[in-house]
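Rule-based calculations on the coordinates, nothing more; no lab input. In this text, all values refer to a predicted model and were calculated from it rather than measured experimentally. Heads up, the Cβs are rebuilt from the backbone with ideal geometry, glycines too, and the neighbour counts pull from every protein chain shown.
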Amino acid sequence: MNLRLSAKFVVWASRLPGQPQHLGQAGRPHHNYPQTRRRAEFENCKMNYPSSFLVGLVLCILSAGLMAWHVRAWKRLRHAEVDPRERDFRRRQYRRRMQTSAMLGALGAAIFIGQLLMTREISRLFLVIYWSGVLVLLLWMALLALADMAATSFYYSREKNNYIVEHAKLQGELRQAREREAKVRNGKPESGH
């Protein structure tokens with residue numbers, strides 16, 4: 001009797017609003033519920049093809065555009081007359097930015113490929129490893145961007161300090177020249193000549 005009541009309760013509870021309807025006849029669960037649920041998840045993933053393709057395509061185009069821009073800037077700099085310190089800074093900057101731009105394209109491709117993998121019946125462990133790899137790629141890109149920002153900030157602050165020192169030296173020389181000129185105008189001979 002208790003068993004019959006509990007079976008009826010399970011059937012009644014399964015019909016409550018908001019509860020998953022995965023029980024079969026007489027309140028017994030379907031033997032293939034996980035497969036049908038997973039199949040439904042895969043069908044939902046198929047609907048995301050256009051958006052993931054579009055995001056991947058935009059990232060790949062953006063990556064190619066950035067790489068072409070970096071190559072053009074590097075070619076211009078190679079033929080310009082710049083001091084070795086600036087050339088070294090620009091070379092390192094070029095490498096960081098090319099690497100980040102290439103990773104942006106790889107990320108776009110990985111998003112689309114990941115969407116395709118989600119529709120295949122492969123192990124969830126593989127999907128977790130795959131998306132973890134995509135996340136590591138994204139974090140590495142963020143670290144490269146931060147390194148580029150820090151290196152650029154350090155370089156320009158050092159250049160600014162050099163210009164301030166040079167400006168102070170020129171101001172001192174200008175003051176000395178004006179003092180010498182004032183002495184000559186006033187008829188006082190310069191000492192030391």
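Here are some notes:
- Projected label points at K169 and A106, each 7 Å from Cα along the beta carbon direction, are separated by 4.4 nanometres.
- Residue among A106, L139, S52 farthest towards the positive dipole end of segment 44-165, charges placed on Cβ: A106
- Neighbour-count order for K183, K75, fewest beta carbons within 10 angstrom listed first: K75, K183
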